[in-house]
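The values are calculated or read from the model by the stated rules, or taken from the named source; none is laboratory data. As the structure is a computational prediction, the values presented were derived from the model and not from experiment. Backbone-built Cβ (ideal geometry, glycine too); neighbour counts: all protein chains shown. In case anyone asks, the SASA skips ligands and DNA or RNA and just uses the protein heavy atoms, side chains included. Shrake-Rupley method; radii C 1.70, N 1.55, O 1.52, S 1.80 Å.
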Amino acid sequence: MSSPLKTLATALASTTLFLSTASLAHHPMGGETPETYLHGFLSGLAHPIIGIDHFAFIIGVGIVLGFGAMRGLTTPLALIAAAIAGTTLSWSGFTFPATELMVALSLLGVAATVFLKPQYKLFLTATGSAAAFFHGQAYAGAVLGAETSPLVAYLTGFTITQFSLAAAAYLLTRWLLANHQKLSAMAQTAAASAIAGIGLISAASIVIG
């Protein structure tokens, strides 16, 4: 197996492990506020996976990074920092209005970016970070009322999951671009359509509900 394929296989296997482990770990807690470091960590691992809107956003960001439309490590680090800031501020009592709607709209934005592949790197990093902030605000629902230790563990857990998912999407995108241009174009359209669909359904449910 070639080196790129080995890297891709490792990334996908790691992501699959995170998916299964985190999902199993989350359910025994029954949605209760984490009270220990371990519970906070496990809940953090699971949250970006169980929330389909968060999952779609992270995958979309990984794809956009794979297209080279964002700034190397600067963009993912900025997005992670923004998500952490959003969660921490909400946990401390500072929550922006219309958070869930902003999360839904962020999916439409990342879907458009996946489809159009714009190259305005600074702008995309700034807008992506703003979107990640609102995702972080939404993440905080799982730790409202928690002590500091479970919060730190929660932040660590969801950062690991987000990084792993985005890295897998990034590596798959890079591999497709290098080896299967036609399949890459099909995957690009399918991913953009799926992410946009999730965003539209989420936005509609919020407005109607």
Exercise for review: Could you go through the stretch 56-66 in sequence order and give the Karplus-derived ³J(HN,Hα) for each residue, using 6.51 cos²θ - 1.76 cosθ + 1.60 with θ = phi - 60°, rounded to whole Hz, and x for Gly and Pro?
Suggested key: 5, 5, 5, 4, x, 4, x, 5, 4, 4, x
Revision key, fill the gap. Pseudo-spin-label distance HIS180 to ALA126, built 7 Å along Cα→Cβ, given in nm, is 3.8
Review point. For the stretch 51-209, what Kirkwood radius comes out of the mean inverse Cα-Cα distance, in Å?
Key: 15.8
Revision key, fill the gap. Computed ³J(HN,Hα) along the stretch 105-117: with the Karplus parameters 6.51/-1.76/1.60, θ = phi - 60°, integer Hz and x for glycine or proline, the list is 5, 5, 5, 5, x, 6, 5, 5, 5, 4, 6, 8, 6
Study note, to complete from the structure: Over its alpha-carbon atoms, the stretch 105-182 yields an Rg and a Dmax in Å of 15.8, 50
Exercise for review: Over the stretch 66-209, average the accessible area per residue using a 1.4 Å probe and give it in Å², no decimals.
Suggested key: 48
Check your understanding: Just how far, in whole angstrom, is the stretch 70-119 from the stretch 142-209 if you go by their alpha carbon centroids?
Key -> 11
